[in-house]
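J.: After the structure tokens below, expect a handful of questions from me.
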Amino acid sequence: MLEKIESLKTAIAQITASNKEEVEALRIKYLSKKGEISALFNDFRTVPNDQKKEIGQRLNELKVMATDKINALREGVEAKAETLTDIDLTRPAAMQPLGTRHPLSLVRNEIISIFSRLGFTIADGPEIEDDWHVFSALNFAEDHPARDMQDTFFIQRSPDVLLRTHTSSVQTRVMTTQQPPIRIICPGRVYRNEAISARAHCFFHQVEALYIDKNVSFADLKQTLLYFARELFGADTRIRLRPSYFPFTEPSAEMDISCHLCGGKGCAFCKHTGWVEILGCGMVDPNVLEACGIDSKVYSGFALGMGVERITNLKYRVKDLRMFSENDIRFLDEFKAVH
Ligand code: DAH
């Protein structure tokens with residue numbers, strides 16, 4: 001009897017089936033009432049009592065093993081049948097919802113692309129900075145209000161470690177490590193200690209540009225600005241420069257563009273002036289060049305900086321700055337058509 005159990009075990013371990021009918025035939029052969037295993041159970045009655053325990057155990061093992069094996073074969077052929085027949089290859093695919101680029105990325109990329117057509121390359125710098133790179137090297141006086149706790153997030157005091165308040169710090173990083181000609185654009189995130197509202201946030205994005213070489217003049221700056229404004233806002237855009245003050249540029253200016261909503265006639269958006277402000281700029285102060293190890297008698301340069309949120313507002317009229325950081329998919333979806 002034991003021999004028979006063993007030989008059945010070996011035989012069942014080796015059975016295979018390629019379709020449902022074959023599996024059913026095997027089930028009948030081994031497990032049905034008239035099957036080989038049932039026949040052994042019938043013979044079991046004749047086994048002497050002292051062997052019943054061992055043989056009974058083996059017999060049960062054989063039955064479990066055969067049942068498992070046949071179930072496994074059934075699952076195998078069913079899965080195979082499904083892949084072959086139950087898939088409708090003509091059914092249209094479920095659409096994967098596509099993400100969108102963030103409006104600030106779209107505008108930043110556009111700004112980068114305009115400047116790269118003028119030969120500017122991207123430079124990067126840390127968001128956690130020291131006082132020297134953000135303020136001192138850029139000619140900020142010791143008591144300049146921008147260093148104040150109200151504006152700057154300080155991480156550590158003396159030596160001061162802080163979150164950069166503008167991307168002008170990347171100028172310092174580049175000027176201290178490279179000699180002119182320098183023609184860079186620095187996009188990045190900046191931080192200021194401001195109460196969050198529709199019009200102000202404690203972080204936002206800027207793009208800075210810096211050009212230093214021999215004989216760079218204000219005329220070069222003006223032409224670059226005009227090209228930039230027309231590429232970004234359209235060929236009929238006019239620009240206007242107003243004198244201003246920044247510690248790191250002399251002379252300094254703020255640039256307005258003709259209001260692209262009313263064409264300069266005056267509307268609620270431009271507060272009936274026909275102009276909207278978009279950036280700050282100027283000729284790099286010789287003090288800054290010297291502080292960074294560039295000979296100001298040989299080289300001159302211009303710099304400009306703008307807020308990406310502000311330009312995005314102008315282009316797409318996003319009224320509340322907080323929308324940019326809320327990740328509301330309904331807002332982001334509005335930019336699906338823009339590339
Ligand atoms: N850093 C200035 C700011 O955060 C923006 C700026 C103005 C950058 C004039 C410049 C510049 O490079 O020349 O408001």
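The values are calculated or read from the model by the stated rules, or taken from the named source; none is laboratory data. The structure displayed is predicted, hence computed values, not measured ones. Virtual Cβ from ideal backbone geometry, glycine too; neighbours counted across all protein chains shown. Accessible surface areas use protein heavy atoms only, side chains included; no ligands, DNA or RNA. Shrake-Rupley method; radii C 1.70, N 1.55, O 1.52, S 1.80 Å.
J.: Which entries in 20/52; 265/336; 222/271 show an alpha-carbon gap greater than 29 Å?
T.: Numbers: 20/52 36 Å; 265/336 31 Å; 222/271 25 Å.
Where the Cα-Cα span goes over 29 Å, the pairs concerned are 20/52; 265/336.
J.: Further, regarding this structure: Give the dimensionless ratio obtained when the Cα radius of gyration of region 170-210 is divided by 2.2 N^0.38 Å. Can you show the working numbers first?
T.: Details: Rg = 13.9 Å, N = 41, 2.2 N^0.38 = 9.0 Å.
Against the empirical 2.2 N^0.38 Å value, I get 1.54 for region 170-210.
J.: Counting every Cα pair in region 161-238, what percent are over 17 Å apart? Could you put the intermediate results ahead of the total?
T.: On the way: 1826 of 3003 pairs.
Counting pairs separated by more than 17 Å, the tail of P(r) holds 61 percent.
J.: Along the three principal axes, how long is region 259-330 when you take its alpha carbons, biggest first, rounded to the nearest angstrom?
T.: Between the extreme Cα coordinates on each principal axis of region 259-330 lie 51, 35, 13 Å.
J.: When N is the residue count of region 184-339, what does its C-alpha Rg come to as a fraction of 2.2 N^0.38 Å? Mind dumping the intermediate values first?
T.: On the way: Rg = 17.3 Å, N = 156, 2.2 N^0.38 = 15.0 Å.
The reported ratio for this selection is 1.16.
J.: Given points 7 Å out from each Cα along the Cα-Cβ axis, report the residue 230 to residue 267 separation in nanometres with one decimal.
T.: Taking the simple label geometry, residue 230 and residue 267 are separated by 2.3 nm.
J.: Right, here's the next one. When the Cα atoms of region 85-191 are enclosed in a convex hull and the volume is divided per residue, what value in Å³ results? Numbers along the way, then the final one.
T.: Working: hull volume 23.4 nm³, N = 107.
So the per-residue Cα hull volume is 218 Å³.
J.: Highest mean first, what order results for 321-332, 249-260 on Cβ atoms within 10 Å? All intermediate terms of the calculation are to be shown ahead of the outcome.
T.: Working: 321-332: 13.8, 249-260: 20.4.
So the peptides 321-332, 249-260, ranked by packing, come out 249-260, 321-332.
J.: If I histogram all Cα-Cα distances within region 1-88 using bins 10 Å wide from 0, what percent of pairs lands in each bin?
T.: 16, 43, 24, 12, 4, 1, 0
J.: Still on this structure: Roughly how many Å² is the accessible area per residue of the chain, as a whole number, for a 1.4 Å probe? Don't skip to the answer; put the middle values down first.
T.: Numbers: 19280 Å² over 339 residues.
In whole numbers, the chain has 57 Å² accessible per residue.
J.: For residue 189 and residue 334, compute 0.36 nm times the residue count separating them, minus their Cα-Cα distance, and round to one decimal in nm. Let's see the in-between values first.
T.: Details: separation 145, 0.36 × 145 = 52.20 nm, distance 2.32 nm.
Computed gain between residue 189 and residue 334 is 49.9 nm.
J.: Taking the radius of gyration and the Kirkwood hydrodynamic radius from Cα positions alone, what is the Rg/Rh ratio for the chain, to two decimal places? If you can, show how the numbers build up before the last one.
T.: Numbers: Rg = 38.5 Å, Rh = 26.3 Å.
Result: Rg/Rh = 1.46.
J.: Report the label-to-label distance for residue 80 and residue 6 in nanometres (one decimal), using points 7 Å from each Cα along the Cα→Cβ vector.
T.: With each label placed 7 Å out from Cα toward Cβ, I get 3.2 nm.
J.: Given a 1.4 Å probe and every protein chain left where it sits, what share in percent of the accessible area of region 79-226 is carbon and sulfur? Don't jump to the answer; show the numbers that get you there.
T.: Working: 4470 of 8370 Å².
The value for region 79-226 is 53 percent carbon and sulfur by accessible area.
J.: Taking 7 Å along the Cα-to-C-beta vector as the label spot, tell me the residue 98-residue 43 distance in nanometres, rounded to one decimal.
T.: Going from the residue 98 label point to the residue 43 one covers 7.1 nm.
J.: Find how many whole Å separate the alpha carbon centroid of region 166-208 from the alpha carbon centroid of region 33-68.
T.: Between the Cα centre of region 33-68 and that of region 166-208, the gap is 83 Å.
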